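In what follows, a single structure is set out as C-alpha coordinates and then discussed.
The values are calculated or read from the model by the stated rules, or taken from the named source; none is laboratory data. Just so you know, these numbers come straight off a predicted model, no measurement behind them. All Cβ positions, glycine included, derive from the backbone under ideal geometry; neighbour counts span all protein chains shown. Calculation scope for accessible area: heavy atoms of the full protein, side chains included, ligands and nucleic acids excluded. Shrake-Rupley method; radii C 1.70, N 1.55, O 1.52, S 1.80 Å.
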Amino acid sequence: MKLTGANPASRSSGGTLGLRTELWQMPLTSVCELIHSTSQTGQLRIETHLAGSALPLEIHFLRGEVTAASILDWRGLDALYSFPQTASTGWAEFWQRPVVSAPPLAPFLNLLGEWARLSDEWPRSCEQILSPAQRFYGEVAPFDRQGGASAHWVAAQSGQPLYDVCGQLAALQQAGFIRPIPDSFEWDRLVLPACQDQQALRQSPVLRLLDGHKTLRQLMERGVTPDELRAELPAYLVRMAPFPGSGRTLRDWLWEQDAVQSDLLMS
(Lines give C-alpha, C1' and ligand atoms only; values in the text may rest on other atoms or scores of the structure.)
Protein backbone atom coordinates (compact mmCIF):
# COMPACT_ATOMS: atom_id res chain seq x y z
CA MET A 1 0.00 0.00 0.00
CA LYS A 2 1.35 3.42 -0.94
CA LEU A 3 0.77 6.86 0.46
CA THR A 4 -1.73 8.47 -1.88
CA GLY A 5 -1.51 11.78 -3.67
CA ALA A 6 -3.51 14.92 -2.91
CA ASN A 7 -7.15 14.52 -2.05
CA PRO A 8 -8.95 17.88 -2.44
CA ALA A 9 -12.00 16.70 -0.52
CA SER A 10 -9.90 16.24 2.62
CA ARG A 11 -8.46 19.73 2.92
CA SER A 12 -11.08 20.77 5.49
CA SER A 13 -9.05 18.79 8.04
CA GLY A 14 -6.05 21.06 7.52
CA GLY A 15 -4.00 18.69 5.39
CA THR A 16 -4.00 16.07 2.68
CA LEU A 17 -5.21 12.56 3.44
CA GLY A 18 -2.26 10.38 2.50
CA LEU A 19 -3.47 7.00 3.74
CA ARG A 20 -6.48 5.41 5.37
CA THR A 21 -6.74 1.77 6.31
CA GLU A 22 -8.59 -0.58 8.61
CA LEU A 23 -6.24 -2.09 11.18
CA TRP A 24 -7.29 -5.62 10.27
CA GLN A 25 -6.11 -4.91 6.73
CA MET A 26 -2.80 -3.23 7.56
CA PRO A 27 -1.19 -3.60 11.02
CA LEU A 28 -0.28 -0.44 12.88
CA THR A 29 3.42 -1.31 12.77
CA SER A 30 3.26 -1.55 8.97
CA VAL A 31 1.56 1.86 8.78
CA CYS A 32 4.31 3.42 10.93
CA GLU A 33 7.07 1.71 8.96
CA LEU A 34 5.60 2.98 5.69
CA ILE A 35 5.51 6.57 6.96
CA HIS A 36 9.05 6.22 8.30
CA SER A 37 10.51 4.64 5.15
CA THR A 38 9.03 7.38 2.95
CA SER A 39 10.18 10.18 5.33
CA GLN A 40 6.70 11.68 5.58
CA THR A 41 5.65 14.61 7.76
CA GLY A 42 2.17 14.80 9.25
CA GLN A 43 -0.29 13.34 11.76
CA LEU A 44 -1.23 9.69 12.11
CA ARG A 45 -4.63 9.26 13.74
CA ILE A 46 -5.64 5.86 15.06
CA GLU A 47 -8.71 4.58 16.83
CA THR A 48 -9.30 1.12 18.23
CA HIS A 49 -11.96 -0.36 20.50
CA LEU A 50 -11.17 -1.88 23.88
CA ALA A 51 -13.65 -3.13 26.45
CA GLY A 52 -16.46 -1.76 24.28
CA SER A 53 -15.11 1.81 24.10
CA ALA A 54 -13.06 3.80 21.60
CA LEU A 55 -9.42 4.59 22.35
CA PRO A 56 -7.84 7.28 20.12
CA LEU A 57 -4.15 7.90 19.51
CA GLU A 58 -2.40 10.63 17.54
CA ILE A 59 1.24 10.39 16.43
CA HIS A 60 3.23 13.20 14.82
CA PHE A 61 5.89 12.33 12.26
CA LEU A 62 8.58 14.76 11.12
CA ARG A 63 10.44 13.46 8.07
CA GLY A 64 9.56 9.92 9.13
CA GLU A 65 10.53 10.21 12.81
CA VAL A 66 8.04 10.10 15.70
CA THR A 67 8.18 13.47 17.46
CA ALA A 68 4.96 13.45 19.50
CA ALA A 69 2.21 11.08 20.59
CA SER A 70 -0.96 11.59 22.60
CA ILE A 71 -4.16 10.00 23.86
CA LEU A 72 -6.40 13.07 24.20
CA ASP A 73 -4.39 15.34 26.57
CA TRP A 74 -1.97 12.61 27.72
CA ARG A 75 1.28 13.10 25.81
CA GLY A 76 4.62 11.35 25.42
CA LEU A 77 6.04 7.85 25.37
CA ASP A 78 3.93 6.67 28.32
CA ALA A 79 0.79 7.44 26.32
CA LEU A 80 2.13 5.89 23.12
CA TYR A 81 3.25 2.69 24.81
CA SER A 82 -0.08 2.30 26.61
CA PHE A 83 -1.85 1.96 23.23
CA PRO A 84 -1.86 -1.67 22.01
CA GLN A 85 0.45 -1.87 19.01
CA THR A 86 -1.25 -5.12 17.96
CA ALA A 87 -4.76 -3.61 17.81
CA SER A 88 -6.72 -5.31 15.01
CA THR A 89 -9.98 -3.37 15.25
CA GLY A 90 -10.51 0.22 14.22
CA TRP A 91 -8.74 2.39 11.67
CA ALA A 92 -5.68 4.51 10.97
CA GLU A 93 -5.34 7.55 8.73
CA PHE A 94 -2.31 9.66 7.93
CA TRP A 95 -2.66 13.36 7.15
CA GLN A 96 0.21 15.04 5.33
CA ARG A 97 0.55 18.44 6.98
CA PRO A 98 3.16 20.51 8.87
CA VAL A 99 3.81 19.57 12.49
CA VAL A 100 5.71 21.35 15.24
CA SER A 101 9.45 20.82 14.86
CA ALA A 102 10.77 18.67 17.70
CA PRO A 103 13.40 15.97 18.26
CA PRO A 104 12.33 12.31 17.93
CA LEU A 105 10.86 10.75 21.05
CA ALA A 106 13.27 7.85 20.47
CA PRO A 107 15.15 6.29 17.55
CA PHE A 108 12.44 4.81 15.33
CA LEU A 109 13.43 1.13 15.46
CA ASN A 110 14.03 1.30 19.22
CA LEU A 111 10.64 2.94 19.67
CA LEU A 112 8.84 0.25 17.67
CA GLY A 113 10.63 -2.52 19.56
CA GLU A 114 9.91 -1.09 23.00
CA TRP A 115 6.30 -0.43 22.01
CA ALA A 116 5.92 -4.07 20.93
CA ARG A 117 7.42 -5.32 24.20
CA LEU A 118 5.18 -3.15 26.35
CA SER A 119 2.06 -3.99 24.34
CA ASP A 120 2.61 -7.48 25.75
CA GLU A 121 3.98 -6.71 29.22
CA TRP A 122 1.97 -3.69 30.38
CA PRO A 123 -1.43 -5.45 30.23
CA ARG A 124 0.00 -8.26 32.34
CA SER A 125 1.02 -5.74 35.01
CA CYS A 126 -2.45 -4.21 34.89
CA GLU A 127 -4.03 -7.64 35.39
CA GLN A 128 -2.29 -7.54 38.77
CA ILE A 129 -2.72 -3.88 39.78
CA LEU A 130 -5.96 -3.14 37.82
CA SER A 131 -4.62 0.13 36.37
CA PRO A 132 -1.95 2.79 37.02
CA ALA A 133 -4.68 4.81 38.78
CA GLN A 134 -5.38 2.25 41.54
CA ARG A 135 -4.13 3.45 44.93
CA PHE A 136 -2.28 1.02 47.20
CA TYR A 137 -1.36 1.04 50.86
CA GLY A 138 1.45 -0.83 52.61
CA GLU A 139 4.27 -0.57 55.12
CA VAL A 140 6.89 0.28 52.50
CA ALA A 141 7.39 3.88 51.33
CA PRO A 142 5.74 5.67 49.61
CA PHE A 143 2.67 3.49 50.11
CA ASP A 144 2.64 4.15 53.85
CA ARG A 145 1.57 7.76 53.25
CA GLN A 146 -1.99 8.80 54.10
CA GLY A 147 -4.24 7.85 51.21
CA GLY A 148 -1.65 5.48 49.76
CA ALA A 149 -0.12 5.91 46.32
CA SER A 150 -0.82 4.93 42.73
CA ALA A 151 1.55 4.13 39.88
CA HIS A 152 0.72 7.54 38.39
CA TRP A 153 1.72 9.26 41.64
CA VAL A 154 4.94 7.27 42.03
CA ALA A 155 5.94 7.92 38.40
CA ALA A 156 5.32 11.65 38.78
CA GLN A 157 7.35 11.82 42.00
CA SER A 158 10.24 9.63 40.87
CA GLY A 159 10.52 10.58 37.20
CA GLN A 160 10.48 6.90 36.20
CA PRO A 161 8.55 5.73 33.13
CA LEU A 162 5.02 4.76 34.13
CA TYR A 163 5.31 1.27 32.61
CA ASP A 164 8.38 0.53 34.80
CA VAL A 165 6.50 1.67 37.90
CA CYS A 166 3.51 -0.54 37.01
CA GLY A 167 5.81 -3.56 36.86
CA GLN A 168 7.29 -2.70 40.26
CA LEU A 169 3.84 -2.31 41.83
CA ALA A 170 2.68 -5.61 40.37
CA ALA A 171 5.69 -7.35 41.95
CA LEU A 172 5.13 -5.62 45.32
CA GLN A 173 1.48 -6.60 45.38
CA GLN A 174 2.23 -10.18 44.40
CA ALA A 175 4.76 -10.36 47.24
CA GLY A 176 2.16 -9.03 49.69
CA PHE A 177 3.96 -5.76 50.50
CA ILE A 178 1.10 -3.53 49.29
CA ARG A 179 -2.64 -3.97 48.93
CA PRO A 180 -5.23 -2.03 46.92
CA ILE A 181 -7.44 0.53 48.63
CA PRO A 182 -10.99 -0.39 47.54
CA ASP A 183 -12.62 2.10 45.14
CA SER A 184 -9.71 4.54 45.43
CA PHE A 185 -8.30 5.74 42.12
CA GLU A 186 -6.16 8.64 40.94
CA TRP A 187 -8.93 9.67 38.51
CA ASP A 188 -11.40 10.31 41.33
CA ARG A 189 -10.21 13.94 41.45
CA LEU A 190 -11.34 14.55 37.86
CA VAL A 191 -14.18 17.02 37.21
CA LEU A 192 -16.12 16.36 34.00
CA PRO A 193 -17.96 19.16 32.20
CA ALA A 194 -21.74 19.23 32.50
CA CYS A 195 -23.57 17.37 29.75
CA GLN A 196 -25.73 19.52 27.45
CA ASP A 197 -27.11 16.67 25.33
CA GLN A 198 -30.76 16.36 26.41
CA GLN A 199 -31.25 12.95 24.83
CA ALA A 200 -28.15 11.57 26.54
CA LEU A 201 -29.28 13.08 29.85
CA ARG A 202 -32.63 11.30 29.59
CA GLN A 203 -30.87 7.99 29.07
CA SER A 204 -28.16 8.26 31.72
CA PRO A 205 -28.63 9.07 35.42
CA VAL A 206 -24.83 9.30 35.72
CA LEU A 207 -24.61 12.05 33.09
CA ARG A 208 -27.34 13.95 34.93
CA LEU A 209 -25.06 14.18 37.96
CA LEU A 210 -22.32 15.99 36.03
CA ASP A 211 -22.43 19.72 36.74
CA GLY A 212 -18.88 20.83 35.97
CA HIS A 213 -18.08 21.14 39.69
CA LYS A 214 -18.36 17.72 41.34
CA THR A 215 -15.36 15.41 41.26
CA LEU A 216 -15.81 11.77 40.37
CA ARG A 217 -15.08 10.98 44.04
CA GLN A 218 -18.09 13.09 45.02
CA LEU A 219 -20.22 11.13 42.55
CA MET A 220 -19.07 7.89 44.15
CA GLU A 221 -19.91 9.29 47.57
CA ARG A 222 -23.44 9.80 46.24
CA GLY A 223 -23.68 6.11 45.38
CA VAL A 224 -22.32 5.89 41.83
CA THR A 225 -20.00 2.89 41.54
CA PRO A 226 -16.68 2.87 39.65
CA ASP A 227 -18.19 0.23 37.33
CA GLU A 228 -21.05 2.61 36.45
CA LEU A 229 -18.60 5.42 35.68
CA ARG A 230 -16.51 3.15 33.44
CA ALA A 231 -19.59 1.82 31.68
CA GLU A 232 -21.30 5.14 30.95
CA LEU A 233 -18.69 7.86 30.69
CA PRO A 234 -15.84 6.86 28.31
CA ALA A 235 -17.64 7.97 25.14
CA TYR A 236 -18.71 11.24 26.81
CA LEU A 237 -15.18 11.84 28.07
CA VAL A 238 -13.81 11.50 24.51
CA ARG A 239 -16.46 13.88 23.10
CA MET A 240 -15.66 16.57 25.69
CA ALA A 241 -11.84 16.12 25.65
CA PRO A 242 -9.18 17.20 25.69
CA PHE A 243 -9.11 18.60 29.20
CA PRO A 244 -6.61 17.92 32.00
CA GLY A 245 -6.68 14.26 32.99
CA SER A 246 -8.97 13.07 30.21
CA GLY A 247 -6.44 10.92 28.36
CA ARG A 248 -5.02 9.10 31.37
CA THR A 249 -8.49 8.55 32.80
CA LEU A 250 -9.82 7.06 29.56
CA ARG A 251 -6.90 4.65 29.31
CA ASP A 252 -7.17 3.68 32.98
CA TRP A 253 -10.91 3.04 32.69
CA LEU A 254 -10.40 0.72 29.71
CA TRP A 255 -7.74 -1.27 31.55
CA GLU A 256 -10.04 -1.49 34.58
CA GLN A 257 -13.07 -2.45 32.49
CA ASP A 258 -11.06 -5.17 30.79
CA ALA A 259 -9.95 -6.57 34.15
CA VAL A 260 -13.52 -6.52 35.51
CA GLN A 261 -14.87 -8.27 32.40
CA SER A 262 -12.11 -10.90 32.61
CA ASP A 263 -12.97 -11.56 36.26
CA LEU A 264 -16.65 -12.02 35.36
CA LEU A 265 -15.79 -14.51 32.63
CA MET A 266 -13.60 -16.51 35.00
CA SER A 267 -16.13 -16.55 37.85
Next item on the list: Go through (1) modelled with pLDDT of 95 or more; (2) open to solvent by 50 Å² or more (accessible area, probe 1.4 Å) one by one and return the number of the condition G52 breaks.
Entry: (1)
Item checked: Residue in the range 55-113 that is most open to solvent (accessible area, probe 1.4 Å), counting only those that are of a type in the set (A, V, I, L, M) and more than 21 Å from the chain's Cα centre (by Cα) -> L109
Checklist line | Elements of type helices (runs of 4 or more DSSP H) contained in the range 127-240, each with 1 or more residues being farther than 24 Å from S82 by Cβ and open to solvent by less than 30 Å² (accessible area, probe 1.4 Å) | finding: 198-203, 205-208, 216-221
Check: Within the set of pairs 6+ apart or on separate chains, which have a first residue in the range 196-220 that is over 27 Å from Q134 (Cβ atoms), a second that is of a type in the set (K, R) and open to solvent by 60 Å² or more (accessible area, probe 1.4 Å), and C-beta atoms under 6 Å apart?
Finding: L201/R208
Checklist line | Per-region count, the range 142-165, residues without any contact (Cβ under 8 Å) to a residue 24 or more places away in the chain and either within 17 Å of the chain's Cα centre (by Cα) or under 25 Å from E114 (Cβ atoms) (or both) | finding: 8
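Regarding L17, is this residue touching a Leu at 6+ places or on another chain (Cβ under 7 Å) and either over 28 Å from R248 (Cβ atoms) or buried (at least 19 other Cβ atoms within 10 Å of the Cβ) (or both)?
No; evaluated as a whole, the condition is false for this residue.
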